[in-house]
Amino acid sequence: MVDTTRKAGRLSVTRVATASMAGAVLEWYDFSLYGFAAALVFGKLFFPTYSPFAGTLASFGTFAVGFVARPLGGILFGHFGDRIGRKTALVMTTSMMGGSSFLIGLIPSYGSIGVAAPILLVVLRFMQGIALGGEWGGSILMTLEYWPPLRRGFFGSVVQLGTAIGLTLATVILFAGSTLPGSAFFVWGWRVPFLVSIVLLGVGLYIRLNVEETPAFKTIRAMGQVVPSRSLKFCACRRSTF
């Protein structure tokens, strides 16, 4: 009976670590993919009325919007995570990031819809930043709340591992697309990596929805209390100590 319980516990925390890494892969794949596209195509497609230099600067300006939004996402989803649960908040951030990236791949160019094109680009980039800000802290916190203090540093590192994988995946896929002949990459090829996000979103949600809420949060909820994350960490430490 004890061995069965331990195996179930190991399986549960392994799922949590896998879900956290998968979420980080999706988030950083989408977030960094935008940066590459901003350097290569967004200036010409969404700011064609500017000079090449000014268009590139405007493109990178939209890229910066994501970094401005990240702290806001951390505050927003940190608040939601403390009240509705880590799992629910992370499902929301994953959906927001994957959905935003997919929609970026569908935005018509400036030549088709005019100034609405860069406006939509900025709005979706802002949503990406909000999602990443909420995902990063939430993933680490969810992972740490599952593990005893002596293993938290090691298993918390899986989120950072997901970051490296996401950056690498974005680089590889965009590089493969850039090898398309002629102007195919500029016309439609750059959109494919963004549209692929919907596949990664499906995988990420499947993994994340099969993870239970953290024991620390469930304990606090059972007590009928709503407290900030610092208290949840303290609760998790006490549970693992005793």
Taking region 136-178 on its own, how many of its residues are closer than 21 Å to F77 by Cα and among the aliphatic types (A, V, I, L, M)? 6
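Quickly run through region 164-200 and pick out the residues that are touching a Pro at 6+ places or on another chain (Cβ under 8 Å) and more than 21 Å from Q128 (Cα to Cα).
The one that is touching a Pro at 6+ places or on another chain (Cβ under 8 Å) and more than 21 Å from Q128 (Cα to Cα): G177.
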Here is a list of conditions, (1) modelled with pLDDT of 75 or more; (2) touching a helix residue (DSSP H, G or I) at 6+ places or on another chain (Cβ under 6 Å); (3) closer than 30 Å to R125 by Cβ, and V199 meets all of them except one; can you say which number that is? (2)
Here the qualifying pairs (Cβ atoms under 6 Å; residues six or more apart or on different chains; first in region 191-203 and free of Cβ contacts under 8 Å to residues at least 12 places away in the same chain; second among the aromatic types (F, W, Y)) come out as none
It is to be established whether one or more residues within region 79-99 are closer than 17 Å to K44 by Cβ and hydrophobic (A, V, I, L, M, F, W, C). no
Output the residues belonging to region 80-114 that are assigned to a loop (DSSP other than H, G, I, E, B), modelled with pLDDT of 90 or more and buried (at least 16 other Cβ atoms within 10 Å of the Cβ). G105, I107, S109
When both residues are 6+ apart or on different chains and their Cβ atoms are under 6 Å apart, which pairs have a first residue that lies in region 118-139 and is under 30 Å from T214 (Cβ atoms), and a second that is among the basic types (K, R) and assigned to a helix (DSSP H, G or I)? G129/R70; L132/R70; G133/R70; G138/R86
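What residue, of F126, F67, F77, is surrounded by fewer than 18 Cβ atoms within 10 Å (Cβ to Cβ), under 24 Å from S197 (Cα atoms) and among the aromatic types (F, W, Y)?
On the way: F126 fails: surrounded by fewer than 18 Cβ atoms within 10 Å (Cβ to Cβ); F77 fails: surrounded by fewer than 18 Cβ atoms within 10 Å (Cβ to Cβ).
F67 is the lone residue from the list that is surrounded by fewer than 18 Cβ atoms within 10 Å (Cβ to Cβ), under 24 Å from S197 (Cα atoms) and among the aromatic types (F, W, Y).
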Residue, nearest to G134 (Cα to Cα), within region 150-163, restricted to residues that are surrounded by fewer than 16 Cβ atoms within 10 Å (Cβ to Cβ) and small (G, A, S): S157
Residues to consider are F175, F185; find the one that is aromatic (F, W, Y), buried (at least 18 other Cβ atoms within 10 Å of the Cβ) and out of contact with any Cys (no Cβ under 7 Å at 6 or more places or on another chain). F185
Among (1) farther than 24 Å from F60 by Cβ; (2) of a type in the set (G, A, S); (3) touching a residue at least 24 places away in the same chain (Cβ under 8 Å), where does A170 come up short? (1)
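Is it the case that I140 is among the aliphatic types (A, V, I, L, M), surrounded by fewer than 24 Cβ atoms within 10 Å (Cβ to Cβ), modelled with pLDDT under 90 and in contact with a helix residue (DSSP H, G or I) (Cβ under 6 Å, 6 or more places away or on another chain)? Lay out the reasoning, then the answer.
Details: among the aliphatic types (A, V, I, L, M): yes; surrounded by fewer than 24 Cβ atoms within 10 Å (Cβ to Cβ): yes; modelled with pLDDT under 90: yes; in contact with a helix residue (DSSP H, G or I) (Cβ under 6 Å, 6 or more places away or on another chain): yes.
Yes, satisfied.
The values are calculated or read from the model by the stated rules, or taken from the named source; none is laboratory data. Because the structure is predicted, anything quoted here is derived from the model rather than measured. A quick note on method: Cβ atoms are made from the backbone with ideal geometry, for glycine too, and the neighbour counts reach across all protein chains shown.
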